[in-house]
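Here is the structure we will look at, set down as structure tokens.
The values are calculated or read from the model by the stated rules, or taken from the named source; none is laboratory data. Everything quoted here is computed from the prediction, not taken from an experiment. Every residue, glycine as well, gets a Cβ built from its backbone with ideal geometry; the counts of neighbours run over all protein chains shown.
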């Protein structure tokens, strides 16, 4: 292993811890984002959640040379043409300039080259490429992470993309949970106070899912005793797949935050067309002020049902912690493609697809493509209950 690879391997767990620390202390995002920028050998980095209804930023942080950032934010932010492609992007999958051209169509490259932002900002600053990741795609929210590179950096490689992709789900979890209480955060600085005043149900649990804390919204949900229950003080969920997925995410986050990856985000809590979803935030390595108890292993945030059905692949991905690449392969399976056809469509070897399918089967508890296809069909909107109701 090279010295660079060793450095990256040592840096990743520290950055993941910093990402989760930034949820409780939003002021830490600046240094956390800068660490991501430096790891990706970038010149600038920007992280934002945009309210698409009011066209305003709910959350925004950036880092890098102010002489570059200030003109971008002041004069050119509205001229970035790539935002229109965000709804087409795969969650957690970093895009480069070239992959955006492919996504936007044949005129995208020429339009970008001839734009005012390129002429007046990109070229004078010797900027060259970027990693752009979609973290949130909802009817009223778009969340993205961007790291901009310059001409002195070597060309972005497949290993670079994999590195950013490995960090993306952790940033997505932190941004998603942070967005749930961004408004309340301005009213209180103590983590417990924020949770107690939050309209969304939040529960703090130990590694064995014993409930340590429940805010008033969560207590009301537990009294209702439908989707979420307390059995002798232990948290459980009525939908078995959700219960297994959340318990697994809590345990995994306690052992190894980096390995948590995409597990524990947007987990559907019921087999209905528009279920509420749960997000799991690891707490075992947080400061005690953000844990409330030495036994605290995770915070479980529950968001109300959305306005649109959850696509089957997104439900599968959330329930079983599939990566973006694994979700894409599962999508090909759902379309009825053979392994050879999936390899050709993905531009990789048959052996790679075989390995990815084996991982997908292991995560989903299926044995072959037919069983996986049936599982995806079962979770396709409108989702059906197991008893046919």
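Here are some notes:
- For segment 69-87, a residue qualifies if it is in contact with a helix residue (DSSP H, G or I) (Cβ under 9 Å, 6 or more places away or on another chain), surrounded by fewer than 17 Cβ atoms within 10 Å (Cβ to Cβ) and modelled with pLDDT of 85 or more, and exactly one does: 71.
- Segment 88-104 - residue that is closer than 11 Å to residue 130 by Cβ and touching a residue at least 60 places away in the same chain (Cβ under 8 Å) and, of those, surrounded by the most Cβ atoms within 10 Å (Cβ to Cβ): 94
- Residues that are modelled with pLDDT of 80 or more and assigned to a loop (DSSP other than H, G, I, E, B) were ranked within segment 293-321; the one that is farthest from residue 217 (Cα to Cα) is 321.
- Output for segment 174-190, where each listed residue is modelled with pLDDT of 65 or more, touching a helix residue (DSSP H, G or I) at 6+ places or on another chain (Cβ under 7 Å) and either part of a helix (DSSP H, G or I) or more than 15 Å from residue 215 (Cα to Cα) (or both): 174, 177, 178
- Residue list for segment 231-269, restricted to those being crowded, with 19+ Cβ neighbours inside 10 Å and outside any helix (DSSP H, G or I): 235, 237, 239, 261, 262, 263, 264, 265, 266, 267, 268, 269
- Condition check for residue 331: in contact with a helix residue (DSSP H, G or I) (Cβ under 8 Å, 6 or more places away or on another chain) and exposed (fewer than 15 other Cβ atoms within 10 Å of the Cβ): no
- From the options 68, 46, residue that is in contact (Cβ under 8 Å) with a residue 24 or more places away in the chain, under 25 Å from residue 155 (Cα atoms) and in a helix (DSSP H, G or I): 68
- Test: residue 21 is in the same structural domain as residue 119 (by TED's automatic domain parsing), in contact (Cβ under 8 Å) with a residue 12 or more places away in the chain, closer than 28 Å to residue 195 by Cα and assigned to a helix (DSSP H, G or I): yes
- Hits in segment 92-115 - residues which are more than 23 Å from residue 43 (Cα to Cα) and not in a helix (DSSP H, G or I): 105, 106, 107
- The residues in segment 100-120 that are under 30 Å from the mean Cα position of the chain (by Cα) and at pLDDT 90 or above can be counted, and the count is 2.
- Of all residues in segment 281-292 being more than 16 Å from residue 215 (Cβ to Cβ) and at pLDDT 80 or above, the one that is surrounded by the most Cβ atoms within 10 Å (Cβ to Cβ): 282
- Evaluating residue 324 against the criteria (1) more than 23 Å from the chain's Cα centre (by Cα); (2) modelled with pLDDT under 90; (3) crowded, with 19+ Cβ neighbours inside 10 Å leaves one unmet condition, (1).
- Of 132, 112, all but one fail to be over 22 Å from residue 179 (Cβ atoms) and in contact (Cβ under 8 Å) with a residue 24 or more places away in the chain; the exception is 112.
- Of all the numbered requirements in (1) in a helix (DSSP H, G or I); (2) touching a helix residue (DSSP H, G or I) at 6+ places or on another chain (Cβ under 7 Å), residue 199 misses one, and that requirement is (1).
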